1. In the range A:281-311, which residue that is touching an Asp or Glu at 6+ places or on another chain (Cβ under 7 Å) and of a type in the set (S, T, N, Q) is modelled with the lowest pLDDT?
2. Being under 28 Å from B:Q114 (Cα atoms), surrounded by fewer than 19 Cβ atoms within 10 Å (Cβ to Cβ) and more than 7 Å from every other protein chain (Cβ to nearest Cβ), is that true of even one residue in the range A:293-300?
3. Can we say A:I307 is more than 8 Å from chain B (Cβ to nearest Cβ) and either more than 30 Å from A:R76 (Cβ to Cβ) or surrounded by 15 or more Cβ atoms within 10 Å (Cβ to Cβ) (or both)?
4. Out of the residues in the range A:275-292 meeting the condition of being surrounded by 15 or more Cβ atoms within 10 Å (Cβ to Cβ) and of a type in the set (K, R), tell me which one is nearest to B:A59 (Cα to Cα).
5. Looking at the range A:23-36, is at least one residue of a type in the set (F, W, Y) and over 26 Å from A:C212 (Cα atoms)?
6. Scan the range A:150-161 residue by residue and report those that are surrounded by fewer than 24 Cβ atoms within 10 Å (Cβ to Cβ) and either modelled with pLDDT of 95 or more or aliphatic (A, V, I, L, M) (or both).
7. Quick test of your reading of the structure: B:E173 fulfils all but one of (1) without any contact (Cβ under 8 Å) to a residue 40 or more places away in the chain; (2) buried (at least 23 other Cβ atoms within 10 Å of the Cβ). Name the failing condition by number.
8. Pick out the one residue from A:L203, A:L260 that is under 22 Å from B:N57 (Cβ atoms), surrounded by 15 or more Cβ atoms within 10 Å (Cβ to Cβ) and in contact (Cβ under 8 Å) with a residue 24 or more places away in the chain.
Amino acid sequence: MTQVTYQILRNDGKGGVPHFQNFVVEIGETEAILTGLIKIRNEQDPTLAVRYSCRQEICGSCAMRVNGKSRLVCSRLVGTETKTHNNTIRIEPMANQPVLRDLVVDQTPFWDRYRHIRPHLILDPANPLPQGKESRMTPEQVDQFRETPRCIACASCYSACPAVGSDPDFLGPMALAKLYRFTVDPRDAAYHERLEGIQNQKLWLCLRCNLCVEACPKDVRPAERIVDLKRLANQEIGKRERGSKHSIGFLNNIEQGGLLNETKLARDSLGLFGMLGQVGKGFQMMRHGKSLKKHPPIQGLSEVQAIYADLNKPEDIKGRERPVGKGVKGE
Amino acid sequence: MTVKVAYYPGCVAQESGRELDMATRAVAAALGIELVDFPTFSCCGSGFIDEANMTLNIALNARNLALAERAGLNTVMTICSTCQGMLTHARHTMKHDAVVKARVDQTLGKIGFQYQGTAVPKHLLQIISEDLGGAEMLRPLVRRPLTGTKVAAFYGCHILRPHDVMKFDDPEEPHTFEDIIKVLGAEPVYYRGRVQCCGFPIQFVKPETAQRIAGNQIREAKQGGADAMATPCPLCHISLDTYQKEAGKAVGEDLNMPVLHFPQLIGIALGLDPKTLGLPRHMVDPQLLLNKVSVSVPA
């Protein structure tokens, strides 16, 4: 047992100024951080609002920020934090959601985004599921979305996401990862409609920062599923939205010289009209010694172009075999 | 101790951010890192090619790594968090995804390459931290300590995450950059934004959001008392320096925050010539920081 300081962000939920309050708790290093919070509530301050239920990483109720990182406090151990944080654990409510009181947030925006993706099979009326029998899938088909069913909707990823925090248009990691699951389900008939439904900024505002991958307690790897969705969208819808224009434009850009031609990329992504807005920026950059002179093509460009000739064709994303060995963290 | 590496400067350091290449060459010479140039290296794809065609992206980077292997070099030194991420991702996929590897091997075979997997991509920050003895190796080289200044590190996502692929530092609470800042004599600023995104990936999707993200990170560093920010990623540098005026407008504040490239910060403390470090090539004049250590940037 050791003395640990819990530094908890208190919030009365009635407009008072949020402030940190310290509680010293006697607790073992191998105990869950949640155990300390419950101790505080039971022994020191019954007004502390904290949400939890199963205490075994299944219900997803107890996500909050632990020393800045979004985590489930039922599975995060005291010792993992105290060693590197001077015996102190700073606890704040999840980010990107309004605080109701102390460590309890209003998850409405999170669930609204989940509902938006229609998280259920959409069937073709002309091709209904077999009645009275199971609708079978091959192990390979199931393997296409093996990560997403692990999701317990704890919203850790949503709390960790800087795009969610900066733009209400973005659907966020969890909703998009769940949506991906339906786009590769052979029983679902709304493939095109689903991909159309997340254009443009609902999907393309993902920053690929991978903070959601680190925050996820179940290794759903939302950022990677979002890249999968972008690939599917690029194939299905093509160069229509800015995000697609940018990634497909980038792909073509490198084929021409081997290295990026920054000016040409801006022109391809923004269009001629959008480029006009960038002219001033170009002058500013040159005035500050930023060269916009493009570099000559790389040596061995023909090798790069041979790679393009061989591989620059639609990939079979939905049918691809996926490597084994990537499992839940720590497996 | 000297190391010999295949030098992978990446696109930006060869175009709009040439000051990064200049500073890298100067600092590498001072640290005993021998850079071997490869005019044959192609772009890493920056994550965007991966969104359009995964296999093609892996093949491009497998070729880059194979070029270094062919020259007998085991380290590919990057100076961009994003290049580091993409090259490492390719190496990881070639190791763990037999289906993609078979397809890529077939393509590379046609142009006379055989990918072995012996060359490891490593960022300069990683080489200093892991191979050259850590931040302490810099201590005897410091000629002009940055005493009295506060510097905010901005890591750039792809050097850190996903951690099970990158296997470097801590993905959410890293310390290697701050360790170096301390040895150089400055005080590091710890702020949430240091491990977050600079907004660059969506600069062309929704500029106002990208700039608001950048603006928030700079503002937070400023609130922490930073005299300057420094980043190991030239794409972050574009968001934080090149577009700082727009970022300031997006958050309604005149930010005026110098942003240095990682090797420039080291170079200043090592007493290298400011012009050789490319210090006059920034949108926000780094003089604000340099005044505090009595260095002047030539016009």
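The values are calculated or read from the model by the stated rules, or taken from the named source; none is laboratory data. Since this is a predicted model, take the numbers as computed values, not measurements. Methodologically, a virtual Cβ is constructed for each residue, glycine included, from the backbone with ideal geometry; neighbour enumeration extends over all protein chains shown.
1. A:S291
2. yes
3. No; evaluated as a whole, the condition is false for this residue.
4. By that ranking, first place goes to A:K290.
5. So far as the range A:23-36 goes, yes, one or more of its residues are of a type in the set (F, W, Y) and over 26 Å from A:C212 (Cα atoms).
6. Here is the first cut: in the range A:150-161, the residues surrounded by fewer than 24 Cβ atoms within 10 Å (Cβ to Cβ) are A:150-153.
Answer for the range A:150-161, where residues must be surrounded by fewer than 24 Cβ atoms within 10 Å (Cβ to Cβ) and either modelled with pLDDT of 95 or more or aliphatic (A, V, I, L, M) (or both): A:C151, A:I152, A:A153.
7. B:E173 satisfies all of (1) without any contact (Cβ under 8 Å) to a residue 40 or more places away in the chain; (2) buried (at least 23 other Cβ atoms within 10 Å of the Cβ) except (2).
8. A:L203
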